[in-house]
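What follows is a set of notes on a single structure, which appears directly below.
The values are calculated or read from the model by the stated rules, or taken from the named source; none is laboratory data. This structure is a prediction, so every number in the text was calculated from the model and none was measured. Note that each Cβ is placed from the backbone with ideal geometry, even for glycine, and that neighbours are counted across all protein chains shown.
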Amino acid sequence: MYRSDISGNRGPGRISLDWGSRLKIALRAARGIADIHAEGSVRFTHDNIKSSNVLLNRDLDGCVSDVGLALLMNYIPSKHRGPGYRAPEMIETRKTTQKYDVFSFIILILEMFTGRSPIQISGHGNDEIVDLPRWVKTVVREECACLGYHKKVDL
């Protein structure tokens with residue numbers, strides 16, 4: 001009944017989502033994450049926000065899955081999150097916070113709206129790893145330069 005395919009049209013049999021559907025899914029996921037963060041008197045975190053943990057039904061109603069498993073399992077958070085969704089600071093501190101959940105959610109949004117994977121291997125012969133935020137920043141910088149905005153926009 002539920003499936004996870006919010007990252008766009010990457011793979012056989014997947015359909016591309018229209019912008020309204022993507023926005024609906026993003027808002028539902030944001031509300032779900034906000035509910036997790038507001039739960040109880042302690043500061044709960046999800047610890048594993050990624051596209052495969054946002055499940056959809058036929059009406060594209062999103063459901064954030066894998067909630068609470070972090071509380072039941074003893075693990076090192078920086079290894080638990082999918083590659084490409086980790087905040088850079090998390091790798092050093094090895095602690096998780098709600099801010100890191102927000103970072104992961106932003107990566108999820110970028111993935112939804114660009115249809116690109118959070119981490120990609122550059123095909124330029126040197127096999128450079130390019131993360132999604134860096135790719136978006138490069139595209140925006142190039143677009144701004146083409147339009148003559150490079151002096152007005154601080155990236």
Scanning segment 12-22 for residues that are surrounded by 14 or more Cβ atoms within 10 Å (Cβ to Cβ) and not basic (Lys, Arg), the one modelled with the lowest pLDDT turns out to be Leu17
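Residue by residue, here is whether (1) out of contact with any Ser or Thr (no Cβ under 6 Å at 6 or more places or on another chain); (2) modelled with pLDDT of 75 or more; (3) surrounded by 15 or more Cβ atoms within 10 Å (Cβ to Cβ) holds:
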position: Phe105; (1), (2), (3): yes, yes, yes
position: Leu108; (1), (2), (3): no, yes, yes
position: Gly125; (1), (2), (3): yes, no, no
position: Cys144; (1), (2), (3): yes, no, yes
position: Gly148; (1), (2), (3): yes, no, no
position: Lys151; (1), (2), (3): yes, no, no
position: Leu155; (1), (2), (3): yes, no, no
Number of positions in segment 23-52 that are part of a helix (DSSP H, G or I) and either more than 13 Å from Asp66 (Cβ to Cβ) or at pLDDT below 85 (or both): 12
Taking Val67 as the residue in question, decide whether it is modelled with pLDDT of 85 or more and out of contact with any Phe, Trp or Tyr (no Cβ under 6 Å at 6 or more places or on another chain). no
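Considering only residues that are over 24 Å from Lys137 (Cα atoms) and in contact with a helix residue (DSSP H, G or I) (Cβ under 6 Å, 6 or more places away or on another chain), look in segment 79-97 and name the one that is modelled with the lowest pLDDT. Lay out the reasoning, then the answer.
Just the residues of segment 79-97 that are over 24 Å from Lys137 (Cα atoms), to begin with: 79-80, 93-97.
Next, only the ones that are in contact with a helix residue (DSSP H, G or I) (Cβ under 6 Å, 6 or more places away or on another chain) stay: 94, 96.
Details: Arg94: 73, Thr96: 81.
My answer is Arg94.
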